[in-house]
């Protein structure tokens, strides 16, 4: 009888896959921070333009990226079944998705000026938004390649190359940002457009590194990446089936937070908006390790499903839940015990600090539940169960988070900033518990994405 690994061994295995993903996520955040910082040096119009422009670009990119990210699920399950060449074949579909989305994006760039005229920002801000977005939208093709190949390498449990790619892209982006924004080192002075071009080059550098590894002799021999290179309707349909709901979920999640930040927080004044921005930066930093664990869990659950061992998938999910709950719970404790100290790092305004303390105290309440939703979402994605979780995300985000927040703001204005953040907390708590319930019910055990998948035992 084969002895199953201990809880500690499962945790070590999860961390070995999660650490490169965590590093890559942090590097991506730094890339955005560098963009924002350097563009801010151009003046108020450029500073005001960069956030709306990047949100719009990210919303467009997440559609293709969400579909391509499903490669993780298929690569992991193929590895578990011992069909390594099938994992490589799914990786190749990424390139055909990139071509398709790139063709669609070409006429879309012509609509950018009309879109920002409709938004109606000040002329200087609008001009900068248009300059940035028209170039940055061309990131769609390399970003899809990166998302799919990141998924491939994570799925076959070799994620280190993804960290190498994003670090090289980060350095490239930083150097080109400085040169192209301000006209240094013989480069043209392009302003905000230079930041977009630097980002585009950074994406292609990252894609090139991943493509070189994918095409290497080692991966060609082990995963058949030099053999099954043609488009496959069956595999593309599989990616759409699993990745499509995730893409829609990401898009509407971004939209929900954009509405919350732009409209709901605005009614409470500038200090509340500034405090919310600061608090969200802390939240982003806080959940990066949990997201990395969730990405690793997608791979490990997919591998176990491919082996026909859902019991192993459940055991590894329990280990991941313990890790994320302990970590996110500790973050929540920090938010609860030192909110004012954390806010003073970014602001000395008493009104901003007071508003930020309210936000961080609510965030302290939902941190552990956020960890649950990230972990169980990753586990369900590894099994190919994405439609039901996407519906839960969308329903709670737009019904409880936004709808409930709007009602509380109108019907109980005396609650002030507590009202919408109370509904945000309820949204995240309900989501975490709902995804736990979905996983516990076990419907994911019966999903078979491939005809050759083994029977559950």
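The values are calculated or read from the model by the stated rules, or taken from the named source; none is laboratory data. Small disclaimer: the values here were computed from a predicted structure and weren't measured. Here the Cβ is made from the backbone with ideal geometry for all residues, glycine too, and neighbour counts use every protein chain on show.
Answer yes if at least one residue in region 247-256 is over 18 Å from residue 68 (Cβ atoms), in the same structural domain as residue 87 (by TED's automatic domain parsing) and out of contact with any strand residue (DSSP E or B) (no Cβ under 8 Å at 6 or more places or on another chain), and no otherwise.
no
All but one of (1) under 30 Å from residue 222 (Cβ atoms); (2) surrounded by fewer than 22 Cβ atoms within 10 Å (Cβ to Cβ) hold for residue 76; state the number of the condition that does not hold.
Among (1) under 30 Å from residue 222 (Cβ atoms); (2) surrounded by fewer than 22 Cβ atoms within 10 Å (Cβ to Cβ), the lone unmet condition for residue 76 is (2).
Given region 1-85, what helices (runs of 4 or more DSSP H) lie entirely inside it while holding 3 or more residues that are farther than 26 Å from residue 259 by Cβ?
Numbers: elements: 7-40, 44-68, 71-81.
Of the helices (runs of 4 or more DSSP H) lying wholly inside region 1-85, those with at least 3 residues that are farther than 26 Å from residue 259 by Cβ span 7-40, 71-81.
Given the structure, is residue 348 surrounded by fewer than 22 Cβ atoms within 10 Å (Cβ to Cβ) and on the phi > 0 side of the Ramachandran plot?
Values: surrounded by fewer than 22 Cβ atoms within 10 Å (Cβ to Cβ): yes; on the phi > 0 side of the Ramachandran plot: no.
No, not satisfied.
So if I check each of 160, 193, which one is within 20 Å of the chain's Cα centre (by Cα) and either under 25 Å from residue 113 (Cβ atoms) or surrounded by fewer than 19 Cβ atoms within 10 Å (Cβ to Cβ) (or both)? Working first, answer last.
Working: 193 fails: within 20 Å of the chain's Cα centre (by Cα).
The conditions single out 160.
Any residue in region 401-426 that is over 15 Å from residue 279 (Cβ atoms) sitting within a Cβ distance under 8 Å of a residue that is not in a helix (DSSP H, G or I)? List the pairs, counting only those 6 or more apart or interchain.
419/412
Which of the numbered conditions does residue 171 fail, given that it passes all the others? Conditions: (1) more than 30 Å from residue 20 (Cα to Cα); (2) out of contact with any helix residue (DSSP H, G or I) (no Cβ under 7 Å at 6 or more places or on another chain); (3) assigned to a helix (DSSP H, G or I).
In the conditions (1) more than 30 Å from residue 20 (Cα to Cα); (2) out of contact with any helix residue (DSSP H, G or I) (no Cβ under 7 Å at 6 or more places or on another chain); (3) assigned to a helix (DSSP H, G or I), residue 171 misses (1) alone.
Out of (1) in a helix (DSSP H, G or I); (2) surrounded by 15 or more Cβ atoms within 10 Å (Cβ to Cβ), the odd one out for residue 221 is which?
Here residue 221 clears every test but (2).
Here are some residues: 155, 183. Which one is more than 21 Å from residue 53 (Cα to Cα), more than 23 Å from the chain's Cα centre (by Cα) and either free of Cβ contacts under 8 Å to residues at least 60 places away in the same chain or crowded, with 22+ Cβ neighbours inside 10 Å (or both)? Steps first, please.
Details: 155 fails: more than 23 Å from the chain's Cα centre (by Cα).
When all the criteria are applied, what remains is 183.
Any chance region 98-120 includes a residue that's within 23 Å of the chain's Cα centre (by Cα), assigned by TED's automatic domain parsing to the domain that holds residue 27 and buried (at least 20 other Cβ atoms within 10 Å of the Cβ)?
yes
Of 53, 48, which residue is modelled with pLDDT under 90, surrounded by 22 or more Cβ atoms within 10 Å (Cβ to Cβ) and more than 20 Å from residue 294 (Cβ to Cβ)?
Numbers: 48 fails: surrounded by 22 or more Cβ atoms within 10 Å (Cβ to Cβ).
So the residue among 53, 48 that is modelled with pLDDT under 90, surrounded by 22 or more Cβ atoms within 10 Å (Cβ to Cβ) and more than 20 Å from residue 294 (Cβ to Cβ) is 53.
Given the conditions (1) free of Cβ contacts under 8 Å to residues at least 60 places away in the same chain; (2) within 20 Å of residue 69 (Cβ to Cβ), report the number of the one that residue 266 does not fulfil.
Result: residue 266 fails condition (2) only.
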